[in-house]
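Here is the structure we will look at.
Values in this text are rule-based calculations from the coordinates and carry no lab data. Computed from a predicted structure; not experimentally measured. Glycine also receives a Cβ, built like all others from the backbone with ideal geometry; neighbour counts cover every protein chain displayed.
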Amino acid sequence: MSYNEKKYLEEHKKTWQGFISLSIKGSIIVAIILILMSIFLTG
């Protein structure tokens, strides 16, 4: 089995893009939840 640098790099980039996408979506969801909590739980 040989080491293919280009294939490894492409897989690494794909994994990194997935991680960044998931992090951004998660942050947005948390922000929306906090905004909704501030609207409905203040009294």
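State all residues of region 15-43 that are surrounded by 10 or more Cβ atoms within 10 Å (Cβ to Cβ) and either β-branched (Val, Ile, Thr) or touching a residue at least 40 places away in the same chain (Cβ under 8 Å) (or both); if no residue qualifies, say none. Spell out how you get there, then give the answer.
Taking region 15-43 as the starting set, the residues that turn out to be surrounded by 10 or more Cβ atoms within 10 Å (Cβ to Cβ) are 15-37.
Correct list: Thr15, Ile20, Ile24, Ile28, Ile29, Val30, Ile32, Ile33, Ile35.
Return yes or no: is Ser2 in a helix (DSSP H, G or I), exposed (fewer than 10 other Cβ atoms within 10 Å of the Cβ) and either in contact with a Ser or Thr (Cβ under 9 Å, 6 or more places away or on another chain) or among the polar types (S, T, N, Q) (or both)?
On the way: in a helix (DSSP H, G or I): no; exposed (fewer than 10 other Cβ atoms within 10 Å of the Cβ): yes; either in contact with a Ser or Thr (Cβ under 9 Å, 6 or more places away or on another chain) or among the polar types (S, T, N, Q) (or both): yes.
It is false that Ser2 is in a helix (DSSP H, G or I), exposed (fewer than 10 other Cβ atoms within 10 Å of the Cβ) and either in contact with a Ser or Thr (Cβ under 9 Å, 6 or more places away or on another chain) or among the polar types (S, T, N, Q) (or both).
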